[in-house]
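A.B. asks: For reference, the structure I am asking about is given below.
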Ligand SMILES: O=C[C@H](O)COP(=O)(O)O
């Protein structure tokens with residue numbers, strides 16, 4: 001099976017507040033994205049491909065409400081808390097935390113866990129408190145277990161920083177071993193984020209590097225599906241599609257210069273390039289240059 005994931009980060013924030021949202025009023029942003037992608041994605045029915053979109057929590061209800069009958073789109077959220085409600089147990093005393101049961105009740109079928117921005121935040125909190133940042137993998141493991149228990153599928157992100165690159169095997173193995181401990185791996189897909197290559201002026205990995213990581217993840221996990229989370233974009237979609245040990249990609253920004261942001265028509269073009277290959281159509285500002 002192929003997987004096309006979409007991480008909408010905080011692309012809902014309007015430009016007047018420093019964000020990148022120029023596509024829809026914030027109260028209609030979730031439904032706008034679903035409505036402007038789901039019909040076109042129906043063209044891939046029969047291709048054994050899933051299309052999952054991770055929304056900020058505030059937009060989940062709106063996005064779920066826009067799903068048509070037989071929609072190919074699955075709606076997910078961007079993380080869950082490491083504890084949850086239970087009948088006869090905690091009834092919901094989790095102020096500010098989004099639990100897996102809450103996500104499920106809102107209509108999510110999937111969750112993104114351990115994105116590099118989330119890992120950085122957790123490690124920063126642990127370090128600030130004089131704690132052990134290596135505990136991040138153990139916390140993420142609790143979150144994966146709660147998500148699976150609640151019936152959610154998980155996209156679990158791993159990746160090495162620039163400083164960790166010389167010992168990438170050790171770092172990725174620890175993230176996989178600790179994060180996946182005692183979990184139902186049939187409910188989890190891995191996303192590889194080359195953290196060292198994400199950001200302005202960085203050189204992205206080539207197909208040999210991506211293939212090497214894909215093979216390593218499959219060998220370490222007993223053959224779990226793994227997608228490229230660098231992320232997938234117009235410039236690399238055909239290249240990533242040709243890497244044998246990668247089972248899909250994680251899209252975020254679709255435009256990297258000029259009016260940077262997420263645009264549904266450009267998302268559909270990335271999907272087309274990944275699944276059908278072929279010539280790239282010219283779309284405004286598709287190269288990263290000014291983040
Ligand atoms: O979630 C995806 C990765 O952080 C890559 O995002 P990006 O393609 O917008 O740089």
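The values are calculated or read from the model by the stated rules, or taken from the named source; none is laboratory data. Here the structure is a predicted model, which is why all the values come from computation and not from measurement. Reconstructed Cβ throughout: ideal geometry from the backbone, glycine too, with neighbour counts over all protein chains shown.
A.B. asks: State all residues of segment 247-263 that are away from the ligand (no atom under 14 Å from the Cβ) and over 26 Å from residue 156 (Cβ atoms); if no residue qualifies, say none. Walk me through it before giving the result.
C.D. replies: The first filter runs over segment 247-263 and keeps only residues away from the ligand (no atom under 14 Å from the Cβ), leaving 247, 258-259.
Those that are away from the ligand (no atom under 14 Å from the Cβ) and over 26 Å from residue 156 (Cβ atoms): 258, 259.
A.B. asks: Any residue at all in segment 272-280 that is at pLDDT 95 or above and either within 15 Å of the ligand (Cβ to nearest atom) or at positive phi (or both)?
C.D. replies: Yes, there is a match, as at least one residue in segment 272-280 is at pLDDT 95 or above and either within 15 Å of the ligand (Cβ to nearest atom) or at positive phi (or both).
A.B. asks: Can I ask one more? Consider residue 244 against the criteria (1) more than 19 Å from the chain's Cα centre (by Cα); (2) within 16 Å of the ligand (Cβ to nearest atom); (3) modelled with pLDDT under 95: it satisfies all of them except one. Which criterion is unmet?
C.D. replies: Result: residue 244 fails condition (2) only.
A.B. asks: To continue, here is another question. Output the residues belonging to segment 145-195 that are surrounded by fewer than 15 Cβ atoms within 10 Å (Cβ to Cβ), out of contact with any helix residue (DSSP H, G or I) (no Cβ under 6 Å at 6 or more places or on another chain) and outside any helix (DSSP H, G or I).
C.D. replies: 163, 182
A.B. asks: Only residues that are away from the ligand (no atom under 15 Å from the Cβ) and either surrounded by 18 or more Cβ atoms within 10 Å (Cβ to Cβ) or assigned to a loop (DSSP other than H, G, I, E, B) (or both): list them for segment 223-241, please. First the steps, then the outcome.
C.D. replies: Pass one, segment 223-241, residues away from the ligand (no atom under 15 Å from the Cβ): 223-225, 238, 241.
Of everything in segment 223-241, those that are away from the ligand (no atom under 15 Å from the Cβ) and either surrounded by 18 or more Cβ atoms within 10 Å (Cβ to Cβ) or assigned to a loop (DSSP other than H, G, I, E, B) (or both) turn out to be 223, 224, 225, 241.
A.B. asks: Are any residues in segment 79-101 over 12 Å from residue 154 (Cβ atoms) and either without any contact (Cβ under 8 Å) to a residue 12 or more places away in the chain or in contact with a strand residue (DSSP E or B) (Cβ under 8 Å, 6 or more places away or on another chain) (or both), and if so, which ones?
C.D. replies: First, the residues of segment 79-101 that are over 12 Å from residue 154 (Cβ atoms): 81-99, 101.
86, 87, 88, 89, 90, 91, 92, 93, 95, 96, 98 - these are the residues of segment 79-101 that are over 12 Å from residue 154 (Cβ atoms) and either without any contact (Cβ under 8 Å) to a residue 12 or more places away in the chain or in contact with a strand residue (DSSP E or B) (Cβ under 8 Å, 6 or more places away or on another chain) (or both).
A.B. asks: Here's something else I'd like to know. Output the residues belonging to segment 105-122 that are in a loop (DSSP other than H, G, I, E, B) and closer than 19 Å to residue 190 by Cβ.
C.D. replies: Our first condition is that a residue be in a loop (DSSP other than H, G, I, E, B); within segment 105-122, this holds for 107-109, 114-115.
Within segment 105-122, 109, 114, 115 qualify.
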